[in-house]
Amino acid sequence: MLPFPTDVLKDYLYRADKPITKFVEQMNELVDSNIYQKISYKVISDYLKENGYLMVVDMPDGKTNNRATEKGNAIGIISEERTSTSGKPYIATLYTEKAQSYIIEHINEILG
């Protein structure tokens, strides 16, 4: 498998604010996964946590969620408290057009 060719991201088109998993899925659509390694959302999330854009929050059910920090809000990451259909609270973290652009601009640094 060849590494993800980050130059293909010049063709990335913003479609909507979305969670990291859907954002990464859209980036991965730009390459043939039989030839190239896909980007993992975890690599991006870890980078954002390590650099102060996201923080881990303990939820009442004992699970954890990622939440945008002020620094994350400044690059377009937004977090909203929501309630699932089963009545459990959770945090939805969405990546706006600004956040998606920031990640794409820094993808080489993120992927190391």
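Somewhere in segment 9-24, is a residue in a loop (DSSP other than H, G, I, E, B), in contact with a Phe, Trp or Tyr (Cβ under 8 Å, 6 or more places away or on another chain) and either at pLDDT 95 or above or not hydrophobic (A, V, I, L, M, F, W, C) (or both)?
Initially, segment 9-24 is screened for residues in a loop (DSSP other than H, G, I, E, B), giving 12-17, 19.
Subsequent filtering for residues that are in contact with a Phe, Trp or Tyr (Cβ under 8 Å, 6 or more places away or on another chain) retains 17, 19.
With the extra rule that they be either at pLDDT 95 or above or not hydrophobic (A, V, I, L, M, F, W, C) (or both), the set shrinks to 17, 19.
Yes; the residues of segment 9-24 include at least one that is in a loop (DSSP other than H, G, I, E, B), in contact with a Phe, Trp or Tyr (Cβ under 8 Å, 6 or more places away or on another chain) and either at pLDDT 95 or above or not hydrophobic (A, V, I, L, M, F, W, C) (or both).
Considering only segment 25-43, how many residues are touching a residue at least 40 places away in the same chain (Cβ under 8 Å) and not in a loop (DSSP other than H, G, I, E, B)?
Adding up the residues that qualify gives 2.
Among residues belonging to segment 4-48 that are surrounded by 13 or more Cβ atoms within 10 Å (Cβ to Cβ) and charged (D, E, K, R), point out the one that is nearest to N65 (Cα to Cα).
Once the filter is applied, the top-ranked residue is D46.
Could you please give the count of residues in segment 66-88 that are modelled with pLDDT of 95 or more, in a strand (DSSP E or B) and surrounded by fewer than 14 Cβ atoms within 10 Å (Cβ to Cβ)?
1
Would you be able to tell me the number of residues in segment 25-43 that are out of contact with any strand residue (DSSP E or B) (no Cβ under 9 Å at 6 or more places or on another chain) and either under 15 Å from T96 (Cβ atoms) or small (G, A, S) (or both)?
Qualifying residue count, segment 25-43: 2.
Check off (1) in a helix (DSSP H, G or I); (2) touching a strand residue (DSSP E or B) at 6+ places or on another chain (Cβ under 8 Å); (3) among the polar types (S, T, N, Q) for N108 and give me the number that stays unchecked.
It is condition (2) that N108 fails.
The values are calculated or read from the model by the stated rules, or taken from the named source; none is laboratory data. Here the structure is a predicted model, which is why all the values come from computation and not from measurement. Note that each Cβ is placed from the backbone with ideal geometry, even for glycine, and that neighbours are counted across all protein chains shown.
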